[in-house]
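To start, the structure under review is shown below, and the notes come after it.
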Amino acid sequence: MDSPVINMPSTALSILILIPVILILFLLILRAHLVHKTKPFIIRQKNKSSYRTAIVFGAGINRMLLPTKVLIDRLDKTIQLAQQDHFDCILLSGGKTRVVSESSVMQSYLIQHAIPSDLLLIDEDGVSTLATLKRAISEFNIHQAVLITQKFHLPRTIALAQTLEMDIIGIAADTRKFKITSQVWWYIRELFAWVWSLIKVRIHSGT
C-alpha cells in the first residue's frame, strides 16, 4: 500500500525558502557595512615613525608542527616590515597544542628568518581574534598597533580592536596566492564570524 503523500502548503514552503535568503542578505549587508567602515584603516605602507608595535594573529600549525600556509603568509609579511625597521615590538598570538604552542612556532619561524628575538612577545592564550586583542591590552599593555593578517580577516579584526578603543591600522598579508575555493570559504566563514564576534562582545561588555 502506497504511503500517503503530504503536500506542504505553498505559503509554508515559500517561507522556508525565504528565511535563508533573508539571512544571507542580512549577513551580506553586515559584511558590506563592516568592510566600508574599516577600509580607511587598511593601508599598504606605513610611516616608520608611528605604530611601532605589530600584532600577528595565529592561523594554525600542521602535523609537522610547522606554520600553515596562511600563517606563513602573515609571518612573511611581518618579516618584510621588520626588515625595513618598522617595529620595536611584535606580539605573536596563538593557542596551545599538546606538544607546542602556536605562538612559539611563530617565534621560531621569525628567529630563523633573522628577526631579533628581543623584538618578539608571545601570547600562548590568544585563542581567538577577540581574545588576542583583549589580552594585548590587559597582559601586554598594547593600545596602539599594526594588525597583520589576511585581507578577508582584517575588517573584523579592525572593528573588534576599535570596540576595545585601540588605536590601530591594518596591513594585509599578501605574500602568497591561495586557491579561489579557499578564499571563497574564508569569506563565507567571515560572514558568520562577524555576527558571532558581535555576540561575544555584547556578552563580555554585559550589555
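The values are calculated or read from the model by the stated rules, or taken from the named source; none is laboratory data. The shown structure was predicted, so the numbers you read here are calculated from the model rather than taken from an experiment. Positions of Cβ are backbone-derived with ideal geometry, glycine not excepted, and every protein chain shown enters the neighbour counts.
Go through the residues of the range 109-118 one by one and say whether even a single one is under 21 Å from K200 (Cβ atoms) and modelled with pLDDT of 95 or more.
No, the range 109-118 has no match at all.
For the range 135-150, give me each residue that is in contact (Cβ under 8 Å) with a residue 40 or more places away in the chain and surrounded by fewer than 16 Cβ atoms within 10 Å (Cβ to Cβ).
Filtering the range 135-150 down to residues in contact (Cβ under 8 Å) with a residue 40 or more places away in the chain leaves 135-136, 140, 142, 144-150.
Passing the criteria: only Q144.
List the residue pairs whose Cβ atoms are under 8 Å apart, where the first residue sits in the range 174-185 and is on the phi < 0 side of the Ramachandran plot and without any contact (Cβ under 8 Å) to a residue 40 or more places away in the chain, the second is assigned to a loop (DSSP other than H, G, I, E, B) and surrounded by 12 or more Cβ atoms within 10 Å (Cβ to Cβ), and the two are 6 or more positions apart or on different chains.
Cβ pairs passing all conditions: Q183/F152.
Could you go through the range 151-166 and let me know if any residue there is in contact (Cβ under 8 Å) with a residue 24 or more places away in the chain and part of a strand (DSSP E or B).
So far as the range 151-166 goes, no, none of its residues is in contact (Cβ under 8 Å) with a residue 24 or more places away in the chain and part of a strand (DSSP E or B).
Looking only at residues in the range 151-186 that are buried (at least 18 other Cβ atoms within 10 Å of the Cβ) and not hydrophobic (A, V, I, L, M, F, W, C), which one is farthest from R202 (Cα to Cα)?
It comes out as G170.
Can we say S104 is within 19 Å of the chain's Cα centre (by Cα), part of a helix (DSSP H, G or I) and surrounded by fewer than 21 Cβ atoms within 10 Å (Cβ to Cβ)?
When the stated conditions are applied, S104 passes them.
With respect to V127, determine if the residue is farther than 26 Å from S49 by Cβ, part of a loop (DSSP other than H, G, I, E, B), of a type outside the set (D, E, K, R) and in contact (Cβ under 8 Å) with a residue 24 or more places away in the chain.
Criteria met by V127.
If you go through the range 122-132 one residue at a time, do you hit one that is modelled with pLDDT of 95 or more, surrounded by fewer than 16 Cβ atoms within 10 Å (Cβ to Cβ) and out of contact with any helix residue (DSSP H, G or I) (no Cβ under 8 Å at 6 or more places or on another chain)?
No, the range 122-132 contains no residue that is modelled with pLDDT of 95 or more, surrounded by fewer than 16 Cβ atoms within 10 Å (Cβ to Cβ) and out of contact with any helix residue (DSSP H, G or I) (no Cβ under 8 Å at 6 or more places or on another chain).
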